[in-house]
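Every number here is computed from the coordinates shown, using simple stated rules; none is lab data. Keep in mind that what you see is a predicted model, and the values were worked out from it rather than measured. Please note: Cβ atoms are built from the backbone with ideal geometry, for glycine as well, and neighbour counts cover all protein chains shown.
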């Protein structure tokens, strides 16, 4: 049975991915810091649903806790790591920039170190459309330049892309980055624009 280690399983995308993989017969271990960026009860309920499947296990810990991440991932021995956990949100990066450095830079470094040491078959990581920054060309394609990030959130995610490229080159670590645009749907993040419009 293929084993998938997913960071951010209490988050919107991580929850849906884990649920889909479990339904398809994969074994999944989640890793989530359960931060209070938005209502933790929503995150707890997502995990409750996933835990109904006995092929799912979870560790609640921050990505900055490298020894925990290292020991848990070594014990699980994943074939693939999907790194979705991050401090999200553009506006919040103005209020609490350190949260972005701790989670998105240090946390991602820890995940890449774990992936390298475990020699996983593939590392998949979330980036963001925010890396396109001040690019005003419309319409644009994903190959447009990403040299002008306008927020700390976007800058940390662009740094993640550069870090991933170097790890792929130096240690032959197969890596794929996803530049997500606005993602919405059932169990979505309550701070997203769609939900604010609906509630207005």
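Remarks
- Neighbour counts of C-beta atoms inside 10 Å place 151, 175, 182, 143 in the sequence 143, 182, 151, 175, starting with the fewest.
- Global geometry of the range 100-187, whether rounded, prolate or oblate, following the gyration tensor of its Cα atoms and the 1.5 cut on a/c: prolate
- Rounded to whole Å, sorted largest first: equivalent-ellipsoid semi-axes of the chain, Cα gyration tensor: 25, 22, 16
- Fluctuation leader among 71, 127, 61 - the chain, Gaussian network, Cα springs under 10 angstrom: 71
- Contact order relative to length of the range 3-199, as percent, for alpha carbon pairs under 8 angstrom and 6 or more apart: 21
- Prolate/oblate/rounded call for the range 95-146, Cα gyration tensor, a/c under 1.5 rounded: oblate
- Residues 24, 147, 102 in ascending order of nearby Cβ atoms (within 10 Å, fewest first): 24, 147, 102.
- Expected-Rg normalisation [2.2 N^0.38 Å, Cα atoms] applied to the range 1-116: 1.02
- Cβ-to-Cβ counts within 10 Å put 40, 82, 120 in ascending order as 40, 120, 82, the fewest first.
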